[in-house]
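This report refers to the structure that appears directly beneath it.
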Amino acid sequence: MHERYARFRAQALPRIVAFRKAGNTAKNDHVADANSCRLERKPGVRERIEYLSRQAQERIVEKRAALEEQLWAVLEADIGAFWETYEASKTKDGKLATDQDGKMLTVRKQRAKLINDLPLEARKLIEDVTIDRNGNVIPKLYSKAQANSDLRKLLNIGRTEDRPENDVSRLSDAELVAQISDQAKQLGIEINLNYAFLQQAPATAPPDLPGGEVVDHEPVAAEADTADVASAPAAPGVSNATVSKARGVNQLTPETVTGHEFAGARQIKGGRR
């Protein structure tokens, strides 16, 4: 029973869990925790747990080394080692081609090596095989990109989680403001920090002219129309004040000249034509 408890503890199980999995019983967790503490204080129990823990750690290191070796082998695999070159008879119109002397012509071709002829280390690099239309077995190797990714994770290369805790790139806006404020207080510097610089400034509307009139920039042709309106005499039914008001804008609209005054302004533009 002590051996089973030591093995469960070597697997990093809590004392209460290991105590009960080893076959011991207790009324509650408090009693189980007390009994497990007494059990570990017995001669040889703690030493056995430490020994089994070291053995497990050594096995983990060995497995890690074997996994790294396999990933390196996939990453450095040579595809040429799985193919061979051979001389094939050259054909022309379905017949064997020959030279002027009647010697048969050949061409160099490549084909996949027989899997049984490959060494064991090379066969370990094959993930799958396919059969082409001629019945040849084509090996498919493990992905070099995946092996590279797994190797980088195994060796902790390029992990963003390894950045120091005081890296400002990991702070939120509120945490950054709070940290700067605390440092300023420690240095005895009076600064006024708020969230105004974190917020986007609202778009400002163009200022209005006196009287609520807004000038719209129109093309040059529209400005010429305005000049004509300004120099034209007042039409019947249109007061001078209405014409003076129309001279202050670039385009006559119902918002600037209303009612019968707008109709008179249209007569002014019509008279120009």
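The residues listed here are 127, 165; of these, the one that is under 36 Å from the mean Cα position of the chain (by Cα), at pLDDT 90 or above and acidic (Asp, Glu) is 127. Scan the stretch 136-147 for residues that are assigned to a helix (DSSP H, G or I) and surrounded by fewer than 13 Cβ atoms within 10 Å (Cβ to Cβ) and the total you get is 1.
Name the one entry in 31, 61 that is closer than 30 Å to residue 126 by Cβ, free of Cβ contacts under 8 Å to residues at least 40 places away in the same chain and either touching an Asp or Glu at 6+ places or on another chain (Cβ under 9 Å) or not charged (D, E, K, R) (or both). Break it down stepwise before answering.
Details: 31 fails: closer than 30 Å to residue 126 by Cβ.
After applying the criteria, what remains is 61.
Please tell me if residue 58 is outside any helix (DSSP H, G or I), under 44 Å from the mean Cα position of the chain (by Cα), surrounded by fewer than 15 Cβ atoms within 10 Å (Cβ to Cβ) and not β-branched (Val, Ile, Thr).
Working: outside any helix (DSSP H, G or I): no; under 44 Å from the mean Cα position of the chain (by Cα): yes; surrounded by fewer than 15 Cβ atoms within 10 Å (Cβ to Cβ): yes; not β-branched (Val, Ile, Thr): yes.
Against the criterion (outside any helix (DSSP H, G or I), under 44 Å from the mean Cα position of the chain (by Cα), surrounded by fewer than 15 Cβ atoms within 10 Å (Cβ to Cβ) and not β-branched (Val, Ile, Thr)), residue 58 does not qualify.
Each residue in the stretch 18-47 was checked for being in a helix (DSSP H, G or I) and within 15 Å of residue 1 (Cβ to Cβ), and 11 of them qualify.
Taking residue 121, is it in a strand (DSSP E or B), among the charged types (D, E, K, R), under 30 Å from residue 61 (Cβ atoms) and modelled with pLDDT of 90 or more? Answer is no for this residue.
The values are calculated or read from the model by the stated rules, or taken from the named source; none is laboratory data. Just so it is clear, the model here is predicted, and its values are computed rather than measured. Here the Cβ is made from the backbone with ideal geometry for all residues, glycine too, and neighbour counts use every protein chain on show.
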